[in-house]
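Below is one structure, written out as structure tokens, with a few remarks after it.
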Amino acid sequence: MIEENVSLRPYNTFGIDVNAKSFCNISSVEALKIQLREHQNQPLFVLGGGSNMLLTKNIEALVLHINIKGIEVVEETNETVLIKAMAGENWHEFVLWCLDHNYGGIENLSLIPGNVGTAPIQNIGAYGVELKDVFVSCETIRIKDQESVTFTKEDCQFGYRESIFKQDLKGQYIITSVTFKLTKTNHKLHTDYGAIKQQLKDSNIDSPSIRDISNAVIAIRQSKLPDPNEIGNSGSFFKNPVISKLQFQKLQENFPKVPSYSVSEDLVKVPSGWLIEKAGFKGKRFNNYGVHNKQALVLVNYGGAKGSDIYDLALLIQKTVKRIFDITIETEVNII
Ligand code: EPU
């Protein structure tokens, strides 16, 4: 059923109140194909979990809300399992389902907002794990002819918060399901990330289970990142910039305490959160929007903010960081 003039406020984690010209809830692949066929020459806007977008204006298009549900085991051995999850499954609920079945591999990705079907688009990642580490393939529908097309891991060209769906194929395919390879035994634990180590130590856990790691990640996220159900936000608003070692050394001369992660022999990643904090924006509030007080990478809507105001703040932050550090920080969130 197609509804007219629908508020998108419940459908984006920033909680921005803009309207969709028309809106259709899609609960099966067949229904998706039908809507695409019937509205071929109409502007379309595909909406998943709405967790990685800042809506700055009304959407003058038919919004297709991908709400296709289902999780199934497609193949298993004694050690591993292939699981196919439909695009409309909530990501964190999927993580919990896997933990309940003792399937390991995505516990570090606990509590990331959004849906299964949008996770590959930006190759979600946290605490030393990225989606690509467990990704096998995804099924999609090509918008122009409603053909089913499967993408392997190689096809997706995953990078840091990147994939082909954000680049060359942007806006051309709709992901309908994702297949993951997870472990049933001998789970490969990723506990190197400093905050996880500390959290496990504080809880006196020496040999953690995948559930322990998930709990640690949940505790860390809850201590730093605002819950979108309470304060509108889209997680990290900016990506962490990758700069040359040479530029990093120059930066270190002026700012000896700048944190960094080595990316390759001559590239270094610098946390945007640190740059934004040093630029004086952490915790800054402008009326009903601002910068989160515990993690400067997160912009927040305290209620009723306009997307365009938040976008203007993002531009001001980018300009200020550029002026002070001569570093360009790119947005991670899609600006609509
Ligand atoms: N930092 C500051 N001030 C801040 C925030 C961070 O100085 O306000 C410093 C921290 O002290 C630390 C460093 O920056 O030295 C890194 O901070 P953190 O560990 O919180 O991670 P991050 O680089 O800010 C990235 C991801 C997060 C992910 C965490 C954990 C990006 C853009 N963000 O944040 O992803 O949860 O690592 O792996 O890569 C997301 O993408 O939405 C997201 C939340």
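The values are calculated or read from the model by the stated rules, or taken from the named source; none is laboratory data. Predicted model, so just to flag it, every value in this text is computed and none were measured. Quick reminder, even Gly has a Cβ in these numbers, built from the backbone with ideal geometry, and neighbours come from all protein chains shown. Just the protein is used for accessible areas: all its heavy atoms, side chains included, with ligands, DNA and RNA removed. Shrake-Rupley method; radii C 1.70, N 1.55, O 1.52, S 1.80 Å.
In the range 240-277, what residues are within 8 Å of the ligand (Cβ to nearest atom) and in contact with a helix residue (DSSP H, G or I) (Cβ under 7 Å, 6 or more places away or on another chain)?
Result: 240, 259, 276.
For the range 224-234, name all the residues that are modelled with pLDDT under 95 and near the ligand (Cβ under 10 Å from one of its atoms).
The one that is modelled with pLDDT under 95 and near the ligand (Cβ under 10 Å from one of its atoms): 224.
Filter the range 172-205 down to the residues that are touching a Gly at 6+ places or on another chain (Cβ under 6 Å) and open to solvent by less than 20 Å² (accessible area, probe 1.4 Å) and list them by number.
Of everything in the range 172-205, those that are touching a Gly at 6+ places or on another chain (Cβ under 6 Å) and open to solvent by less than 20 Å² (accessible area, probe 1.4 Å) turn out to be 175, 182.
Touching a strand residue (DSSP E or B) at 6+ places or on another chain (Cβ under 7 Å) and closer than 16 Å to residue 332 by Cβ, is that true of residue 263? Even if it seems obvious, please write down each step before you answer.
Values: touching a strand residue (DSSP E or B) at 6+ places or on another chain (Cβ under 7 Å): yes; closer than 16 Å to residue 332 by Cβ: no.
No; evaluated as a whole, the condition is false for this residue.
List, please: which pairs have Cβ atoms under 6 Å, are six or more places apart or on different chains, and start with a residue in the range 4-17 that is farther than 20 Å from residue 115 by Cα and end with one that is open to solvent by less than 20 Å² (accessible area, probe 1.4 Å)?
4/22; 6/20; 6/23
Does residue 329 satisfy being open to solvent by 30 Å² or more (accessible area, probe 1.4 Å) and either at pLDDT 95 or above or not charged (D, E, K, R) (or both)?
When the stated conditions are applied, residue 329 does not pass them.
So which strands (runs of 3 or more DSSP E) stay within the range 1-118 end to end and still have 1 or more residues that are open to solvent by less than 70 Å² (accessible area, probe 1.4 Å) and of a type outside the set (A, V, I, L, M, F, W, C)?
By residue number, 2-7, 19-26, 59-66, 80-86.
Say we look at the range 158-202 and pick out the residues that are in contact with a helix residue (DSSP H, G or I) (Cβ under 7 Å, 6 or more places away or on another chain), more than 30 Å from residue 67 (Cα to Cα) and assigned to a loop (DSSP other than H, G, I, E, B); which of these is farthest from the ligand (Cβ to nearest atom)?
187
Please name all residue pairs, on different chains or six or more residues apart, with Cβ atoms under 7 Å, provided the first residue is in the range 209-237 and is over 23 Å from residue 331 (Cβ atoms) and the second residue is within 9 Å of the ligand (Cβ to nearest atom) and hydroxyl-bearing (Ser, Thr, Tyr).
Final answer for the pair search is 217/127.
Filter the range 160-206 down to residues that are of a type in the set (Gly, Ala, Ser) and at pLDDT 95 or above and give me whichever is farthest from the chain's Cα centre (by Cα).
By that ranking, first place goes to 177.
Suppose we filter 257, 284 for residues that are out of contact with any Gly (no Cβ under 8 Å at 6 or more places or on another chain) and of a type in the set (Lys, Arg); which single one remains?
Within the list 257, 284, the selection yields 257.
Just give me the residues in the range 287-323 being open to solvent by 70 Å² or more (accessible area, probe 1.4 Å) and either outside any helix (DSSP H, G or I) or under 25 Å from residue 268 (Cα atoms) (or both), in sequence order. Outline the logic, then answer.
Keep residues of the range 287-323 that are open to solvent by 70 Å² or more (accessible area, probe 1.4 Å), which gives 287, 293-294, 302, 306, 311-312, 315-316, 319, 322-323.
Within the range 287-323, 287, 293, 294, 302, 306, 315, 316, 319, 322, 323 qualify.
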